[in-house]
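Bear in mind that the values in this text are calculations on the coordinates, not laboratory data. The model shown is predicted, which means the values in this text are computed figures rather than measured ones. Backbone-built Cβ (ideal geometry, glycine too); neighbour counts: all protein chains shown.
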Amino acid sequence: MKKAIIIFLMVFGFQSILNAQELALMPLPQSLEINEGKFRIDRNFNIQIEGLENERLINGSYRFLRRLDDRTGFFFYQNNDFKVDTASSLVIQAQREGELKIHEDESYTLLIDTLGISINAPTDLGAMYALETLVQTLSVDEDGYYFPAMKIEDSPRFTWRGLMLDPARHFLSVSAVKKQLDAMASMKMNVMHFHLSDNQGFRIESKLYPQLHQLGSSRGEFYTQDDIKDIVAYAALRGIRVIPEIDVPGHATPILKVFPEIGSHTGDYEYVLETWSGVFDPTLDPTNEKTYEILKDIFTEVSALFPDEYFHIGGDENEGHHWDANENIQAFMKQNGLEDNSALQTYFSNRVLEIVEGMGKKMVGWDEIYNPKLSKKAIVHGWRDWEGLDVYAAAKDGYEMIISEGYYIDLMHNADVHYLVDPVDPELSPKAKELIIGAEAPMWSELVTEFNIDSRIWPRTAAIAERFWSAEDVRDVEDMYRRLDRVSLYLEQDGLAHNSSRESIMKSLSNGEDIAPLRNLVNVAEPMKVYTRNPGGKMNHNYYTFKKFADAATADAPDARKFNYLVKDYMKTGDAIAEKEIRSYLKTWEANHEQLLPVIQQSPILGEIKELSENLSIVSQYAIESLNGVNKTDSWKRKASLAVANARKQGGRTELAMVDSLELLINK
C-alpha cells in the first residue's frame, strides 16, 4: 500500500516525548515515536487519496498544499482527482465520511519514513487532523525541507472542543468568523458556539419577524440567512460543528424591544438596546403563554439554519428583579408551588426544552438553568465556580455537562492559567466524569472588536485546545510556552493578525514617531485581568474603537515572560549568562522612558501610560543598582520599595507583568 497523508507544515519547536528531536506540535498527540531518517520534499511532492474521496477531504488536501506552498516557496501541482501515476509522496486513506456529531471517531495514524508518508483514519475527520499534525512537523536543514521520520497514533481526549464567539456585543464579519474557523481547525477544535443575541443586539436575520434584526441589531449589523449557511458550510468542510445560542430569559432586550408584551416589567416601560456592558434587568415573562409561542417561532427559524443536533438557550445571569416586582408573576409562583426564582427559571427551562425537543434538537444552557427539577435531557454548560458554587454540581446529579470555567479567554489571564485547568475534577466519581462531554473557551466581546479579536483569542487558545485534546498529564508549562511561540508564528502565517494588529495599533498611537520605545513598553505590559479593566462595564462604551495602549498589549507579555524565566533561573543558580540577559533588559527599560517621552508628546492619547513608563524606568534603575552591589542603606531600601509599589500601579488599564521578578532582584 502506498504511504499516505496530507501535509500542513512548519518547523521545529517542542521537545518531543522521546526527547529525540525538537518539534512544535500542538496539541500534543497521544503517542509519538521518533525514528531515524527524513522524508525530503521538493516541488514534485504529491498526494494520493485512496478509498474515501469526498469534498471535505479533497478541500482539506488542497488547503494543505497551498499552505505548504507558502512555507516552502514551491508550487505543488496536484491532479484534481488526487490520483497519481507515479510514486506518491503522501497517501491518505480514510474508511468513511465522518458525521459532525459528538462521539464521532476522530482518530488517525500518521507514519513518516524515508520513502514517504501515510495517513490512515477511520473517518475523513481523523485524516484531516493528521494533515494538521503533519504540517507542524515540517523541518528544514542545509539540504532543504523534510519531514522527520516518526509514527503518531492520536485521538482526542474530549469529543466537544469548542470556542465561543460573541458577535452580539461587537459584530464580527463573515470573513472574521471564517478566520477563527481556520485557526480552530489547525488546533483540532471542533465546535464553534455562536452567541447570536444579547442585550446589545440580535445578530441573525429573521424572515418571520424581520423587526428582530431591523430594530434589534445595533448599527444594522446582522448575518443574513445566507451568511449563516455560508459559515456553517465553511465550518463543516473543516470538521467543525456550529451551535447557535439565542439567550433567554435574560440578555433578551432585542426580543423585548420587538415584543414588549412578553416582558416581565409592569407599567409603561421602553426596552432599549444596551451600549454598555453588564447585567441588566429586562427579562422574558415565563408565565405568559405568548412568550413560548414567540420563542417557538424564533427558535424554529434559527435552528433550521444549523444542522447540528444541539441548540443553546443561554439562561445565564437572570437576577430576577423584574420577576420580583411583578405581582402577576409572584402570584403564579405561589399558585404553582415555585418557591424562588431558580424554581421559576426551571419551569421556564423545562417549557423551552419541550420546544427545542420538538425541533429535533438537544437543549444546552449555562449552569444557571441547573436545578434538580430540570429535565435530565438538558445539557448544562458550567461556568461558575465561586462563592460556594460547584461547577460540577450538575454532573454529580446525573446531567451531561460542557465545562467553560477556567477557560474564559476574555478575562486576559496568561495561557498557563488556562492550561493548568482540567475540564474534569479528578475527585469526581467515574460516572460523573463520563458526563463531562467536553469544554469550551468563551470569547465574550465587551472589549473585543473585529480588529483586535485575533490577539484576544490567539495564540492562548492553542494551549487550551491542547488541554481539550491531549492526555491529562501533559502539563509542562515551560514546554507549552516554547511550542506556543512557534505555533503563534504558524497561525500568523495562515492568516491570523494577532501580532500584526498589535503593531498596527502601536503605529497609530505613535503618530508617525518611532514605535520601538512604545513596543518596549507594550512587550512588558498586560491588560488588566478579569473585569478590572472595565469595572462595572461603565468605562468602555460599545462604540469605542478599542485601539488604545491596552489593546496593543497582550495577555502574555513576551518580554516580561522571558525576563521572569531568566530571573527564576538566575535566583536559583546565579547563572552568568542569565545575569547578562537580565542586565540587557534592565538597561533597555531604564533608558526607555526618555525615548518614549517624545512619542507621548506627539500623541496625547498616550498620556495615560506616562507614569507607567516612568515607573518602569525607575524600578529598573534600582534593580541594576542591586545587581551592581550597591550599599543598601535604609534610605535606599525605602526608595526601592516605593519604586516597586509604584511599578505595580496600572497605566492605560495595563500592568507591568514582571514586577515580582524586579522585586526579587532588588531584594537580592
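For the pair LEU389 and LYS572, what calculated FRET efficiency results from E = 1/(1 + (r/R0)^6), where r is the Cβ-Cβ distance and R0 = 41 Å, to the nearest 0.05?
Once the sixth-power term is evaluated, E becomes 0.60.
Mean separation of Cα pairs under 8 Å and 6+ residues apart, divided by the residue count of the range 160-493: what relative contact order is that in percent?
Reported as a whole number, the value is 17 percent.
So, counting K/R as plus one and D/E as minus one, what does the shell of residues with Cβ under 15 Å around TYR347 add up to?
Combined, the nearby Lys, Arg, Asp and Glu give -3.
Specify whether the C-alpha gyration tensor of the range 14-154 places it in the rounded, prolate or oblate class, a ≥ b ≥ c being the square roots of the eigenvalues: rounded for a/c under 1.5, otherwise prolate if a/b is larger than b/c and oblate if not.
On the way: a/c = 1.79, a/b = 1.12, b/c = 1.60.
Note, shape of the range 14-154 comes out oblate.
Which value in deg cm²/dmol, rounded to the nearest 500, describes the helix-derived mean residue ellipticity at 222 nm for the chain, given -39,500 (n - 2.57) per DSSP H run of n ≥ 4 and division by the residue count?
Value at 222 nm, helices only: -12000 deg cm²/dmol.
Could you tell me the calculated FRET efficiency between GLN330 and ASP297, based on Cβ-Cβ distance and R0 = 25 angstrom, to the nearest 0.05?
Between GLN330 and ASP297 the formula returns 0.35.
Roughly how big is the chain's charge dipole about its Cα centre, with Cβ charges of +1 (Lys, Arg) and -1 (Asp, Glu), in debye to the nearest 20? Mind showing how you got there, number by number?
Details: 71 positive and 103 negative charges, 280 e Å.
In total the dipole reaches around 1340 debye.
Using a/c under 1.5 as the rounded threshold, could you call the range 352-419 rounded, prolate or oblate? The axes a ≥ b ≥ c are square roots of the C-alpha gyration tensor eigenvalues, and prolate needs a/b larger than b/c, oblate otherwise.
Prolate is the answer for the range 352-419, as a/c is 1.5 or above and a/b outweighs b/c.
Mind checking which lysines have their C-alpha under 21 Å from LYS188, skipping anything on the same chain fewer than 8 residues away?
Cα-Cα hits under 21 Å: LYS101, LYS151, LYS178, LYS179.
List the extent of the Cα atoms of the chain along each of their three principal axes, largest first, rounded to whole Å.
Principal extents (largest minus smallest coordinate, Cα): 78, 77, 51 Å.
Let me have the relative contact order for the range 14-154, percent, based on Cα pairs under 8 Å that are six or more residues apart.
Values: 275 pairs, mean separation 47.3, N = 141.
Once divided by the residue count of the range 14-154, the mean separation gives 34 percent.
Which of the listed residues, LEU496, ASN646, PRO423, is farthest toward the dipole's positive end in the chain, when Lys, Arg count +1 and Asp, Glu count -1 at the beta-carbon?
Farthest along the dipole direction, towards plus: ASN646.
What residue among LEU606, ALA578, TRP589 has its Cα farthest toward the positive end of the dipole of the range 500-667, where the charges are +1 on Lys, Arg and -1 on Asp, Glu, each on the Cβ?
The listed residue farthest towards the positive side: LEU606.
Put +1 on the Cβ of each Lys and Arg and -1 on the Cβ of each Asp and Glu in the chain; which of ASN288, ASN44, PHE546 then has its Cα farthest toward the positive end of the dipole?
The listed residue farthest towards the positive side: ASN44.
What are the semi-axes of the equivalent ellipsoid of the range 179-240, taken as the square roots of 5 times the eigenvalues of the Cα gyration tensor, listed largest first and rounded to whole Å?
For the range 179-240, the ellipsoid semi-axes come out as 26, 12, 8 Å.
Averaged across orientations, what area in nm² does the convex hull of the alpha carbons in the range 160-493 project?
Seen from a random direction, the Cα hull of the range 160-493 projects 16.5 nm² on average.
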